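A.B. asks: First the structure, which I've put down as C-alpha cells, then a few questions once you've had a look.
Nothing in this text is a laboratory measurement; each read-out follows from the coordinates by a stated rule. Since we're looking at a predicted model, the values are computed, not measured. Cβ coordinates were reconstructed from backbone atoms using ideal geometry, including for glycine residues, and neighbour counts include every protein chain displayed.
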Amino acid sequence: MQEFSSGYSKNYEYDLAVVGSGSGGLSAAITAAKQGLKVILIDKNGYAGGLASSGIPFLGFLDMKKRPVVGGFATKFVDELVKCGASLGVRHCPKHLSVVVTKPDEVKIAVAKMCSENGVKLMLHSYLVDVKLEDNKISEIICDCAGERFKVKAKIFVDATGDGVLSKLAGAPYMKGTAGENLQPASVLYTIGGVDKEKFLKWVEENPENLSDSYSMEYLNERPDYVFVTLGHLWNKYKDTEWPFKGIWAMILINRLNDSEVMLNGPRMPATDSTDSESITYAETEGANQSLQFVEFLRKYVGGFENAFLSHINEHIGVRESRRVEGVKTLTIDMVSKGEIPEDAVALGAYPVDIHSSKDFTSKFIHVENPYGIPYLTTVAKTIDNLMLSGRCISVDREAFGSTRVMGTCLAMGEAVGYGASIAIKECILPKNVDVNKIRAKIEANGGILKI
C-alpha cells in the first residue's frame, strides 16, 4: 500500500480495488490476493460476505443430474465453513437442485478471517460516493465512513456491489429490468425463534397437502440442513382473509442449524427498486410489518409454532434484481437454454431460470437441462478499460440473469475475475486483452469446473 497526498482523511493505493464483499467480490478479492496482488475490499455493511453472511442458503452447486458445476474457490469456501462448524456442506435439494445451509454469524467471522489470512485489506462501513475517470479508466474512487472520506487508487477496479453502483457512478451503460421496469421483487429475510421443530415436522406429515410436491418427509428427516416450500394449502384457504403476505403464495422455510429457530424467505415486495430510496424503504418497513403478522398467523394455524416469536430481521432486504452492466460480451437466455459452453467460458451455471413476477405472487421456474458456460468477457465492462464486473451485475440479459444470480455461480465467476485481474496487472495489459486460456488453466488447477 502507498499513501498519496490530498485533503482526505486517508488515501490508499492498491493493485486491485473490489467494491462489494458479497459472493462475487469476496472470491475475486481473495483469489487475486493469493496471486500476489495488493487488494482492498470495500463494503457498506458492518460485515463481509453480503447475503452469504445473512443465513440465506447458497444455491447453484449442482445440476439436474446432481453433478457439481462449481468447484475451486466455491467448494473450498464451503469446506472452510464445514470445518469451523458453520455449515454441513452442499446438499442436493429436490426443488433448488442444491443448498448450502449456514450459521450466519459464524460465516461473518469466517469470511473476515479468510480476508485477514490472505492479506486482503477489508474496509467496512464504507460507502462509495464518487468515481474519477482519466483516459477512459477509473483513476480513483471516493468512499465515506461516517462523514470522513477517503480515496482509493488502483490499477483495476471490480464492481461487485450487486446494484452496479461503481459502474453507474463511472458512467458505464447498464440494463435494469425490462426497459427499466418489471424488476423482480425483493424479499425480507427473517428468523423465528421458539419453534418446536419436531412437532412442526409431525404437523407437516399429518397435513401433506401443505408440502410442495418436490419434497418428501424422508428428505426433511434425513438431515437438518433442509429448505422447503410449504403452506400452499393454507394460502388457498386464507389468501382472501388472514394470509398476511401480499406477494407470495407459500412459506419458504430454511432450517437453522440449532434447536429452535427457522428462517423464512419472504414476504416478497413486488417491483422493489433497490436503487430508489423511497422504493426500498417501503419494502423494508412494510415487509417487516408483514413478517410480524405472519408469525401471529403461524402461531394460530401451524403446529410447532405455538410459542414462536420474531427473533431477527435481516439487516438488508434480499434484492433479486437491479442493474446489469454492459460488458464486452453478454450471456443470453438462448445460450443458457441450449447449454452452450463456449471456449472462453470461465464458470458454469446450472440453476433454473427463476424469475419472480413484479406484479403478483407468480414465478417462472424453468429447469436448465444442461450446464452452460459464462464467457470471460461478460465480466469486463464494455466502455471503461479497467473496470471488471462480478456477481449479480455481470453482463447478461434479463432471462439469463434469472439463473446466474445465485451465490454458487457468483463465487465461481468471482474467482475468474480475480485471476483475470491478476494476469492483466502482471502483464501490464487491459482486462479485455487477457488470454482466457491462462485464466481457465488457473481455474482448473485450483479445482474449478469448466466442462461436464
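A.B. asks: To the nearest 0.05, how large is the calculated FRET efficiency for residue 242 and residue 307 if R₀ is 22 Å and r is the Cβ-Cβ distance?
C.D. replies: Numbers: r = 20 Å, r/R0 = 0.89.
For residue 242 and residue 307, the calculated efficiency is 0.65.
A.B. asks: Can you tell me which aspartates and glutamates have their Cα less than 14 Å from the Cα of residue 153? Leave out same-chain residues fewer than eight positions away.
C.D. replies: Those aspartates and glutamates meeting the cut-off are 3, 13, 15, 130, 134, 140.
A.B. asks: Of 76/103; 44/121; 176/451; 65/113, which ones are farther than 25 Å apart at the Cα?
C.D. replies: Details: 76/103 17 Å; 44/121 14 Å; 176/451 31 Å; 65/113 35 Å.
Result: 176/451; 65/113 exceed 25 Å.
A.B. asks: For segment 313-413, run through the trypsin sites (Lys or Arg not before Pro) and keep only the ones in DSSP coil with at most 14 other Cβ atoms within 10 Å of their Cβ.
C.D. replies: Sites meeting the loop and neighbour criteria: 359.
A.B. asks: Quick one: compute a quarter of the convex hull surface over the Cα atoms of segment 1-117 and quote it in nm². Walk me through the intermediate numbers first.
C.D. replies: Details: hull surface 32.6 nm².
Convex hull of Cα atoms, orientation-averaged projection: 8.1 nm².
A.B. asks: Find the Cα radius of gyration of segment 362-452, compare it with 2.2 N^0.38 Å by division, and give the number to two decimals. Could the numbers behind the result be given before it?
C.D. replies: Working: Rg = 14.0 Å, N = 91, 2.2 N^0.38 = 12.2 Å.
The reported ratio for this selection is 1.14.
A.B. asks: Dividing the Cα radius of gyration by the Kirkwood radius, what Rg/Rh value follows for segment 93-216? Let's see the in-between values first.
C.D. replies: On the way: Rg = 22.0 Å, Rh = 19.8 Å.
Result: Rg/Rh = 1.11.
A.B. asks: Assuming 0.36 nm per residue, please report the length gained on full extension of the stretch residue 125 to residue 144 beyond their Cα-Cα distance.
C.D. replies: 6.0 nm
A.B. asks: Express in nm, to one decimal, how much length is gained between residue 369 and residue 426 on full extension, taking 0.36 nm for each residue of separation and deducting their alpha carbon distance. Don't skip to the answer; put the middle values down first.
C.D. replies: On the way: separation 57, 0.36 × 57 = 20.52 nm, distance 3.88 nm.
Gain on stretching residue 369 to residue 426: 16.6 nm.
A.B. asks: If you place +1 on the Cβ of every Lys and Arg and -1 on the Cβ of every Asp and Glu, how big does the dipole about the Cα centre of segment 1-120 come out, in debye to the nearest 20? List each step's numbers first, then the result.
C.D. replies: Values: 14 positive and 10 negative charges, 113 e Å.
With Lys and Arg at +1 and Asp and Glu at -1, about 540 debye.
A.B. asks: For the chain, what relative contact order do you get, as a whole percent, if you take Cα pairs closer than 8 Å and at least 6 residues apart? Kindly include the intermediate steps, with their values, before the conclusion.
C.D. replies: Values: 1118 pairs, mean separation 98.3, N = 452.
Reported relative contact order: 22 percent.
A.B. asks: For segment 226-361, count all C-alpha to C-alpha pairs, find those more than 24 Å apart, and express that count as a whole percent of the total.
C.D. replies: Of all Cα-Cα distances in segment 226-361, 44 percent exceed 24 Å.
A.B. asks: Where the centre of each part is set by its Cα atoms, how far does segment 197-211 sit from segment 118-181, in angstrom?
C.D. replies: Result: 47 Å between the Cα centres.
A.B. asks: Same structure again: Run the dipole for segment 327-430 about the Cα centre, Lys and Arg Cβ at +1, Asp and Glu Cβ at -1, nothing else charged, and hand back the magnitude in debye, nearest 20.
C.D. replies: Details: 9 positive and 12 negative charges, 59 e Å.
Taking the Cα centre of segment 327-430 as origin, the dipole is about 280 debye.
A.B. asks: Hey, another quick one. So how tilted is helix 277-301 from the main axis of the chain? Cα-based, degrees 0 to 90, rounded to 10.
C.D. replies: 30
A.B. asks: Right, next: Which of the lysines could be linked to residue 426 by a straight reach, that is with a Cα gap under 16 Å, when you skip same-chain ones fewer than 8 residues away?
C.D. replies: 34, 38, 155, 438, 442
A.B. asks: Taking the dipole about the Cα centre of the chain, with the C-beta of Lys and Arg at +1 and of Asp and Glu at -1, give me whichever of 414, 393, 47 is farthest to the positive side.
C.D. replies: The residue sitting farthest along the positive end of the dipole is 414.
A.B. asks: Hey, another quick one. Restricting attention to the alpha-carbon atoms of segment 96-145, what are Rg (one decimal) and Dmax (integer), both in Å?
C.D. replies: Values for segment 96-145 (Cα only, Rg and Dmax): 16.7, 46 Å.
A.B. asks: Two decimals, Cα atoms only, Kirkwood Rh: what is Rg/Rh over segment 161-268? Don't skip to the answer; put the middle values down first.
C.D. replies: Details: Rg = 18.2 Å, Rh = 16.4 Å.
Checking Rg against Rh, the ratio lands at 1.11.
A.B. asks: Report the rotationally averaged projected area of segment 216-303 based on its alpha-carbon convex hull, in square nanometres. Please list the in-between numbers first.
C.D. replies: Details: hull surface 27.6 nm².
Averaged projected area of segment 216-303's Cα convex hull equals 6.9 nm².
A.B. asks: Distance in nm between label sites at residue 92 and residue 328, each 7 Å beyond Cα in the beta-carbon direction?
C.D. replies: 3.9
A.B. asks: If you consider only alpha-carbon coordinates, what radius of gyration and Dmax does the chain have, in Å?
C.D. replies: Over the chain's Cα set, Rg and Dmax evaluate to 21.4, 69 Å.
A.B. asks: What per residue convex hull volume, in Å³, do the alpha-carbon atoms of segment 152-204 yield? Don't skip to the answer; put the middle values down first.
C.D. replies: Working: hull volume 9.9 nm³, N = 53.
Dividing the Cα hull volume of segment 152-204 by its residues yields 186 Å³.
A.B. asks: Note the angle between two axes, namely the Cα long axis of helix 407-427 and the longest principal axis of the Cα atoms of the chain, as a number of degrees from 0 to 90, rounded to the nearest 10.
C.D. replies: 10
A.B. asks: Tell me the mean residue ellipticity at 222 nm calculated for the chain from its helices only (DSSP H runs of n ≥ 4, each -39500 (n - 2.57), averaged over every residue, nearest 500).
C.D. replies: Values: 12 runs with 136 residues, N = 452.
Computed ellipticity for the chain at 222 nm equals -9000 deg cm²/dmol.
A.B. asks: Related question: Please determine, in degrees from 0 to 90 and to the nearest 10, the orientation of helix 23-34 with respect to the longest principal axis defined by the Cα atoms of the chain, where the helix direction is its Cα long axis.
C.D. replies: 40
A.B. asks: Counting other C-beta atoms within 10 Å, and keeping those with at most 13, which DSSP coil GluC sites (Glu not before Pro) do you find in segment 310-344?
C.D. replies: Working: sites: 315, 321, 326, 340, 343; in loops: 315, 321, 326, 340, 343.
Of the GluC sites (Glu not before Pro), the ones in loops of segment 310-344 whose Cβ has at most 13 other Cβ atoms within 10 Å are 315, 343.
A.B. asks: When you have a sec, figure out the Kirkwood radius of segment 292-422 from all distinct Cα pair distances and drop it here in Å to one decimal?
C.D. replies: Values: mean 1/r = 0.0601 Å⁻¹.
Every distinct Cα pair counted, the radius reaches 16.6 Å.
A.B. asks: Which ³J(HN,Hα) values, rounded to whole Hz and listed in residue order, are derived for segment 76-87 from phi using the Karplus coefficients 6.51, -1.76 and 1.60 in 6.51 cos²θ - 1.76 cosθ + 1.60 with θ = phi - 60°, glycine and proline given as x?
C.D. replies: My calculation for segment 76-87 gives 5, 4, 4, 4, 5, 5, 5, 4, 8, x, 8, 7 Hz in order.
A.B. asks: Looking at the chain, send over the antiparallel percent of its DSSP beta bridges, to the nearest 5.
C.D. replies: If I count the DSSP bridges inside the chain, around 70 percent turn out antiparallel.
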